[in-house]
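**Q** Pasting a structure below so you can have a look.
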Amino acid sequence: MTLPFKAVAVDMDGTFLDDRKQFNHEQFDQILTELEKRNVHFIVASGRPYTRLKQDFGDFAERMDFVSLNGSMLVVNGETVTSYPLKRETALSLLKEVSDKYGKVAPMVFETDVAYFHRAIPKTERDFLAYFAGQSAVVDHWEDLPKKDILQITFSLDNSKAPEIEKEFNAKHEQKISAFGSANTAIDTNVYGINKGAGLKHLLAKLNLTGDDLIAFGDSDNDIAMLDFAKYSYAMANGMPIVKEHAKYIAPANTENGVFRVLQKYLDADKYITKKGNELKRSLPFLMNKLFS
């Protein structure tokens, strides 16, 4: 095998998916099969929860691993191997402080399998956001949240506010958070230091791999840590300018099957080199005879 990587990591929205939130299943099956033949792991690194990602990929999900909720939950072979929850009191304080300062921010509170909305959010807005949850429920008060692990809180807020939210909250609280934009009007908050890059580092370690073995694709703020970690980093042509500054290469846009096109080029090159290598092996006895006759 001549592929320079042993694992592939892809973001979803704006990267792997086109603007209709779709991907070519037949083409993906072909590429995934070729990667499997070469023992290359395929990893989805997304701000989406695993519940949603399983729906996105259907039967393909059994053939890949997941860094979900920006690294807060890692899934290998269909089993959760690690999670990094916020303390309940941290989550409740964050919800209150961000809402008090910025007003209507339509938070989504992600637990392992369910995302929760506040009933005060208009139903039309809840229905739109529920797509990203996979499974959702409504509470009348945030204090009514089940006493389970809270892995991520997402706010519908201009992503430029992320550094401000992180700085102000961390100045006042013992358990600190990380905040980063996952879309133009979405900010994800997680346990401090947890991001896609950290999640991939932990997951790859379980596979006896490192960032030197990784090719990664992304387009948004929450992909920066992942691109910094990967030896072969690709920002999408449609990606944010700051993301492109953290990538070694630029892939075609998500609307142009950019991830598939790049991976297919690597696979085609691998086939070519393998073929030429076999031809050289077959000609070796003849060359040896010519040299020593």
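The values are calculated or read from the model by the stated rules, or taken from the named source; none is laboratory data. Keep in mind the model is a prediction, meaning the values are calculated, not measured. Please note: Cβ atoms are built from the backbone with ideal geometry, for glycine as well, and neighbour counts cover all protein chains shown. These accessible areas exclude ligands, DNA and RNA; they are computed on the full protein's heavy atoms, side chains included. Shrake-Rupley method; radii C 1.70, N 1.55, O 1.52, S 1.80 Å.
**Q** Summarise the accessible area of the chain (1.4 Å probe, protein heavy atoms) by the percent that is carbon and sulfur.
**A** Roughly 51 percent, rounded to a whole number.
**Q** How tilted is helix 25-37 with respect to the longest principal axis of the chain? Cα atoms for both, answer in degrees (0 to 90, nearest 10).
**A** 60
**Q** Next question, about the same structure. Which of ALA171, ALA216, ALA186 ends up with the largest GNM mean-square fluctuation for the chain, with Cα atoms connected below 10 Å?
**A** In the Gaussian network model the winner is ALA171.
**Q** For LYS176 and VAL139, compute 0.36 nm times the residue count separating them, minus their Cα-Cα distance, and round to one decimal in nm.
**A** Stretched fully, the LYS176-VAL139 segment lengthens by 10.8 nm.
**Q** Let me ask something additional. Lys and Arg at +1, Asp and Glu at -1: add these up for the other residues within a Cβ distance under 15 Å of ARG119 and post the number.
**A** It works out to a net charge of -2.
**Q** For the cross-link pairs LYS21/LYS231; LYS54/LYS265; LYS54/LYS87; LYS37/LYS265; LYS104/LYS176, which exceed 18 Å when the distance is taken from alpha carbon to alpha carbon?
**A** LYS21/LYS231; LYS54/LYS265; LYS54/LYS87; LYS104/LYS176
**Q** So if R0 is 22 Å, what FRET efficiency would GLU245 and SER160 give, r being the distance between their Cβ atoms, rounded to the nearest 0.05?
**A** 0.85
**Q** Could you give the size of the charge dipole of the chain about its Cα centre, using +1 on the Cβ of each K and R and -1 on the Cβ of each D and E, expressed in debye and rounded to the nearest 20?
**A** 940
**Q** Along the charge dipole of the range 19-157, pointing to its positive end and built from +1/-1 on Cβ of Lys, Arg, Asp and Glu, which listed residue (SER68, ALA91, SER46) has its Cα farthest out?
**A** Positive-end residue among those listed: ALA91.
**Q** What's the angle, to the nearest 10 degrees (0 to 90), between helix 88-102's Cα axis and the longest principal axis of the chain?
**A** Tilt relative to the chain: about 80 degrees.
**Q** Okay, moving on. Counting helices only, and only those DSSP H runs with n ≥ 4, report the 222 nm mean residue ellipticity of the chain as the sum of -39,500 (n - 2.57) divided by its residues, in deg cm²/dmol to the nearest 500.
**A** Counting only the DSSP helices, I get -12000 deg cm²/dmol.
**Q** In terms of the Cα gyration tensor, with a ≥ b ≥ c the square roots of its eigenvalues, is the chain rounded because a/c is under 1.5, prolate because a/b exceeds b/c, or oblate?
**A** In terms of gyration-tensor shape, prolate.
**Q** Using label points projected 7 Å from each Cα along Cα→Cβ, tell me how many nm separate ASP19 and ASN208, to one decimal.
**A** Each label point lies 7 Å from its Cα, and together they span 4.6 nm.
**Q** Translational diffusion coefficient, Stokes-Einstein: compute it for the range 152-209 using the Kirkwood radius over C-alpha pairs as Rh, at 20 °C and 1.002 mPa s, and state it as an integer in µm² s⁻¹.
**A** The calculation lands on 176 µm²/s.
**Q** Sticking with this one: Taking a probe of 1.4 Å, how large is the accessible area per residue of the chain, in Å²?
**A** 49
**Q** Which of the three applies to the range 122-189, rounded, prolate or oblate, going by the alpha-carbon gyration tensor with a ≥ b ≥ c and a/c under 1.5 meaning rounded?
**A** Judged from the Cα gyration tensor, the range 122-189 comes out oblate (a/c at least 1.5, b/c at or above a/b).
**Q** List the extent of the Cα atoms of the range 32-81 along each of their three principal axes, largest first, rounded to whole Å.
**A** Here the spans come out as 29, 19, 17 Å, largest first.
**Q** Okay, next question. Would the range 19-158 count as rounded, prolate or oblate if I go by the C-alpha gyration tensor, calling it rounded below 1.5 in a/c and otherwise prolate when a/b exceeds b/c, oblate otherwise?
**A** Prolate.
**Q** Net charge around ALA247, counting only other residues with Cβ within less than 15 Å of its Cβ (Lys, Arg = +1; Asp, Glu = -1)?
**A** Result for the local shell: -2.
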